Amino acid sequence: MQCSVKDCGQAARYKAAQLCQKHYFRVRRNGDVEKLPASRIQRVVTPNGYVRIWGPEHALADRNGYVFEHRRVMWEVVGPGCRDCEICSKHETWLTCHVDHIDENRQNNQRVNLRVLCRGCNVKRGFKPESYERRGRAGLVEFEGKRLTPAQWARDPRVKISGATIIRRKLAGMSDHDALFAEKRTHNGNRRPIKAEYRAKIKQLKEAAA
């Protein structure tokens with residue numbers, strides 16, 4: 001049996017695949033029987049939208065010889081010493097920093113669209129308060145100029161209810177102030193719980209029988 005690749009002419013040593021040794025291992029390495037071109041692809045867009053460029057000589061290159069374009073652009077500006085976070089001034093290195101795309105377009109790697117951030121600031125900048133409502137939550141609650149989550153307000157000593165109760169009140173249409181400070185109602189409205197009423201009646205009967 002000969003190799004199934006056209007014009008190969010070699011014996012098919014791997015009979016199940018109908019391939020000679022050379023083409024069998026090409027498929028294992030490259031996923032195809034064709035030989036890879038000598039030159040590498042110079043620019044690659046990753047599945048999550050970032051751009052990588054071929055540059056095995058660069059200090060930020062990965063083991064495959066590629067470096068993220070936005071990090072390379074920033075490297076040319078600030079050098080190997082990196083710089084502090086541009087929001088909170090936390091000291092950063094190239095091992096810890098994030099290079100942020102200001103307009104959130106990961107393929108816009110112009111210098112004016114890039115800045116160095118720490119991990120915390122880069123994560124927080126993507127937080128949108130309205131996303132709470134999209135997930136069926138109450139969103140941020142504002143009082144005295146402070147905008148906090150229901151869980152954060154619940155830790156305030158002036159607030160006597162849980163974060164879950166604040167969320168339920170907001171979803172029911174209450175104002176921010178009422179959601180935080182409206183009088184707490186029992187599960188029976190303004191009446192005392194039923195068990196408490198029974199205890200009071202039992203106490204009265206005992207006193208009458210004494």
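The values are calculated or read from the model by the stated rules, or taken from the named source; none is laboratory data. As the structure is a prediction and not an experimental result, all values here were calculated from the model. Every residue, glycine as well, gets a Cβ built from its backbone with ideal geometry; the counts of neighbours run over all protein chains shown.
Condition (residue is at pLDDT below 75 and over 30 Å from LYS124 (Cα atoms)) applied to segment 167-183: is it met by at least one residue?
No, because not a single residue in segment 167-183 is at pLDDT below 75 and over 30 Å from LYS124 (Cα atoms).
Any idea which residue in segment 39-65 is nearest to the chain's Cα centre (by Cα), counting only those that are farther than 26 Å from CYS121 by Cα and part of a strand (DSSP E or B)?
Step one: filter segment 39-65 for residues farther than 26 Å from CYS121 by Cα, giving 39-44, 53-58, 63-65.
Imposing the further condition that a residue be part of a strand (DSSP E or B) reduces the set to 43-44, 53-54.
Numbers: ARG43: 26, VAL44: 23, ILE53: 25, TRP54: 27 Å.
The qualifying residue nearest to the chain's Cα centre (by Cα) is VAL44.
Could you run through segment 74-96 and say how many residues are within 16 Å of ASN109 (Cα to Cα), touching a residue at least 12 places away in the same chain (Cβ under 8 Å) and surrounded by fewer than 16 Cβ atoms within 10 Å (Cβ to Cβ)?
So the answer is 2.
Examine segment 84-93 for a residue that is of a type in the set (Gly, Ala, Ser) and over 27 Å from the mean Cα position of the chain (by Cα), and state whether such a residue exists.
The answer is no; no qualifying residue exists.
Identify, please: which residue in segment 18-38 is at pLDDT below 85 and in a loop (DSSP other than H, G, I, E, B) and is, among those, surrounded by the most Cβ atoms within 10 Å (Cβ to Cβ)?
Checked segment 18-38; the qualifying residue surrounded by the most Cβ atoms within 10 Å (Cβ to Cβ) is VAL33.
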